[in-house]
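Quick notes on the structure that follows.
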Amino acid sequence: MTKLTKVAFVKAAAPKGGVTVLLAGEKLALGTLAADVLGALEGGLDRPAGVAGFTGKVGASLDLVAPAGLSLDRVLVVGLGKTEEAGEEEWLKLGGTIQGLLKAAKVEKATLVLDVPGIDPVGPEIAAQIAMGAKLRSYVYDAPKAKKPEDDGPASLTLQIAVTDTKAAKKAWTAAEGVADGVCLARDLVNLPPNYLGPVEFAKAASDLEKLGVEVEILTEKEMKKLKMGALLGVAQGAARPPRLAIMRWNGGKKSEAPVAFVGKGVVFDTGGISIKPAAGMDEMRGDMGGAAAVTGLMHAVAARKAKANVIGVIGIVENMPDGNAYRPGDVLTAMSGTTIEVLNTDAEGRLVLADALWYTQERFKPAFMIDLATLTGAVIVALGNLNAGMYSNNDELAGRLDAAGKATGETVWRMPLSKGYDKLIDTPNADVKNTGGRTAGSITAAQFLQRFANDVTWAHLDIAGTAFGPPKNEINQSWATGYGVRLLDRLVADYYEA
Ligand code: BES
Ligand code: MN
Ligand code: ZN
């Protein structure tokens, strides 16, 4: 991770020198402070905006050099569009847009005058969202290269945000920054090549959260054997690198309170195993630990902002390889729950890892709910593309809360069906259940499989195969990995499970 933008809050005052960022709504509507500053420019905003065709549309900008005699040097006016419609996600994107403009302009330090027409004063939460957007946009994956790409820009960028209440803004930002760091951690884990991040290295990254006060336990293969995790171990058995199960605990709530639990699929590389995948695009399966990365990033977030909740993260970390010792189509595995599983396709490995991780989590922790995240199926990408994660749940309240947290953060989910009819598709005469459901409804039958291991605990499954990596670059992310799920689940915890 390199050169993340630093954020500082300063008292709103007439800006002096450097780059000043001002905000303009539709039809060039300005807040009073912005109007004062721009009024000092000869002729105000109308002429340069007219010449450049700038109308204050969202995402548009106007770069002005201040005339001689003013205390300002350069003014960057950024469009807000219709501010009445702006929610959390819009402020986040605004921060990203500003960051992108400042980076392109090779600026070292800039002051954003947080003055918005119609919103007076702009609250600390909006300030923190803008700052988070800037920080997320500034994330760059630091790829291993002997010759680093040339960058003639400044070594760092500090974004000062001028607000009325600096104390409140700083407080909101301290929490939001912890979440942003969690997103960046998740992105780093997904971006890393599979030879750099094996199960042991991933477990080490989880252990590093101890610095933030997270309790971390790492189970080895031997310990998992003792627990009879035959499904997870079946997947791992063809790999030279041994599996790990990481258990992360943040105890921020009352002792008597049942924890909330998050479970992640951490397949550090998915070749498909003996049911091997085609060569084209197989490299993308370095991101098949996106669920585990999101859970780890979330644990970072809740610990960094000292969430008042008991939160558990459990991640199953394995590699799926073809080998003389690999599991085969036709094998019958016995999961920790005792359920026997007929393997019909070794490429349907994620659900096997989760079967044991889910069972273990509910049995040991008796959580208030359990949410798993997994890059589970290509089918969910066919259904929803990269704009929504597929959501499955056995509980309408939890599903509703996830939906609301998704809308608030922009990390949206779309609920998909579960039913007895779909469940039937994974019955088999050869075992209690089979690990694939045939050609149709692939994301649904995968979810039905997981439900059999959730054991009536309130549960939701997020199929993030389409959202964890690979979408087009946008205002708040320029890297392959998105960090999807960290902001969504942090928001869920903050809004519904903190005292
Ligand atoms: N990791 C893949 C799913 C995936 C595909 C994630 C593309 C991200 C992008 C998963 O393990 C898998 O291979 N699923 C199979 C299941 C099938 C064999 C039943 C699939 O979706 O084809
Ligand atoms: Mn697979
Ligand atoms: Zn997979």
Scanning region 481-499 for residues that are within 16 Å of Ile381 (Cα to Cα) and open to solvent by 10 Å² or more (accessible area, probe 1.4 Å), the one nearest to the chain's Cα centre (by Cα) turns out to be Tyr484
What residue, of Gly79, Gly59, Gly95, is assigned to a helix (DSSP H, G or I) and in contact with a helix residue (DSSP H, G or I) (Cβ under 9 Å, 6 or more places away or on another chain)? Gly95
Could you please find all residues in region 66-86 being surrounded by fewer than 19 Cβ atoms within 10 Å (Cβ to Cβ) and modelled with pLDDT of 90 or more? Arg74, Gly81, Lys82
Of the residues that make up region 309-322, is at least one at positive phi and outside any strand (DSSP E or B)? no
If I filter region 302-325 for residues that are within 12 Å of ligand 3 (Cβ to nearest atom) and of a type in the set (Lys, Arg), do I get at least one hit? no
Can you tell me which residues in region 159-201 are of a type in the set (A, V, I, L, M, F, W, C) and over 30 Å from Glu319 (Cα atoms)? Leu159, Ile161, Ala162, Val163, Ala168, Ala169, Ala172, Trp173, Ala175, Ala176
Give the number of residues within region 411-460 that are open to solvent by 30 Å² or more (accessible area, probe 1.4 Å), closer than 20 Å to Thr375 by Cβ and not charged (D, E, K, R). 7
Just give me the residues in region 280-291 being part of a helix (DSSP H, G or I) and either more than 16 Å from ligand 2 (Cβ to nearest atom) or out of contact with any helix residue (DSSP H, G or I) (no Cβ under 7 Å at 6 or more places or on another chain) (or both), in sequence order. Met282, Asp283, Glu284, Met285, Arg286, Gly291
Scanning region 328-346 for residues that are touching a strand residue (DSSP E or B) at 6+ places or on another chain (Cβ under 7 Å) and either of a type in the set (Asp, Glu) or open to solvent by 10 Å² or more (accessible area, probe 1.4 Å) (or both), the one nearest to ligand 1 (Cβ to nearest atom) turns out to be Leu344
Is there any pair with a first residue in region 121-136 that is under 13 Å from Ala162 (Cβ atoms) and a second that is in a loop (DSSP other than H, G, I, E, B) and open to solvent by 10 Å² or more (accessible area, probe 1.4 Å) whose Cβ atoms are under 6 Å apart and which are 6 or more apart or on different chains, and what are they? Pro121/Thr164; Val122/Leu114; Ala127/Leu114
Residues in region 138-195 that are open to solvent by less than 50 Å² (accessible area, probe 1.4 Å), of a type in the set (Ser, Thr, Tyr) and outside any helix (DSSP H, G or I) total 3
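Filtering region 442-499 down to residues that are of a type in the set (S, T, N, Q) and part of a loop (DSSP other than H, G, I, E, B), which residue is farthest from Ala60 (Cα to Cα)?
Applying the filter and picking the extreme gives Asn455.
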Please note which strands (runs of 3 or more DSSP E) are completely contained in region 330-389 and include at least 1 residues that are touching a His at 6+ places or on another chain (Cβ under 9 Å). 369-374
Residues in region 226-284 that are more than 14 Å from ligand 1 (Cβ to nearest atom) and either at pLDDT below 95 or open to solvent by 10 Å² or more (accessible area, probe 1.4 Å) (or both): how many? 23
Which one of the conditions (1) open to solvent by 60 Å² or more (accessible area, probe 1.4 Å); (2) within 14 Å of Leu112 (Cα to Cα) does Leu22 fail to meet, given that it meets all the rest? (1)
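The values are calculated or read from the model by the stated rules, or taken from the named source; none is laboratory data. All of these numbers come straight from a predicted model, not from anything done at the bench. Please note: Cβ atoms are built from the backbone with ideal geometry, for glycine as well, and neighbour counts cover all protein chains shown. Each accessible area value is taken on the protein alone, full model and side chains, heavy atoms only, with ligands, DNA and RNA left out. Shrake-Rupley method; radii C 1.70, N 1.55, O 1.52, S 1.80 Å.
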